[in-house]
Amino acid sequence: VREHAYVRADAIFRICTQLPGPRFRRLALLRGLPEWVTELGYRLFARNRRLLARSMAVCPTPSSAQRQRLLP
């Protein structure tokens, strides 16, 4: 079995080709850009990922009515 580890931007492009939906496949087209551009984009995103995630409501706090329906 041949194994290969993908890192940084190359790993993201590899993942995008395997995700469902055309949006991710379109993102993988950026692989055609020069490597220094894709690596710069990856580093900028990685450096600011916590700020980007903070702006998303990923896991809202349940209301009191919803909390009553949850198991302890």
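The values are calculated or read from the model by the stated rules, or taken from the named source; none is laboratory data. If you're wondering where the values come from, they're calculated on a predicted model, not measured in any experiment. Every residue, glycine as well, gets a Cβ built from its backbone with ideal geometry; the counts of neighbours run over all protein chains shown. Surface accessibility is based on the protein's heavy atoms, side chains included, excluding ligands, DNA and RNA. Shrake-Rupley method; radii C 1.70, N 1.55, O 1.52, S 1.80 Å.
A few comments on the model shown:
- Of everything in segment 47-72 that is within 20 Å of Val7 (Cβ to Cβ) and surrounded by 10 or more Cβ atoms within 10 Å (Cβ to Cβ), the residue that is modelled with the highest pLDDT is Asn48.
- Output for segment 24-36, where each listed residue is surrounded by 10 or more Cβ atoms within 10 Å (Cβ to Cβ) and not aliphatic (A, V, I, L, M): Phe24, Arg25, Arg26, Arg31, Glu35
- Applying the condition of being among the charged types (D, E, K, R) and surrounded by fewer than 10 Cβ atoms within 10 Å (Cβ to Cβ) to segment 1-22 and asking which residue is modelled with the highest pLDDT yields Glu3.
- Any hit, segment 37-46, residues being more than 17 Å from Tyr6 (Cα to Cα) and either within 14 Å of the chain's Cα centre (by Cα) or open to solvent by 100 Å² or more (accessible area, probe 1.4 Å) (or both): yes
One line per residue, one yes/no per condition, for (1) assigned to a loop (DSSP other than H, G, I, E, B); (2) out of contact with any strand residue (DSSP E or B) (no Cβ under 9 Å at 6 or more places or on another chain); (3) among the small types (Gly, Ala, Ser):
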| residue | (1), (2), (3) |
| --- | --- |
| His4 | yes, yes, no |
| Arg25 | no, yes, no |
| Ala28 | no, yes, yes |
| Arg31 | no, yes, no |
| Thr38 | no, yes, no |
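Condition check ((1) assigned to a helix (DSSP H, G or I); (2) among the polar types (S, T, N, Q)) across all residues:
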{"residue": "Gly41", "(1), (2)": "yes, no"}
{"residue": "Phe45", "(1), (2)": "yes, no"}
{"residue": "Arg50", "(1), (2)": "yes, no"}
{"residue": "Pro62", "(1), (2)": "no, no"}
{"residue": "Ala65", "(1), (2)": "yes, no"}
{"residue": "Gln68", "(1), (2)": "yes, yes"}
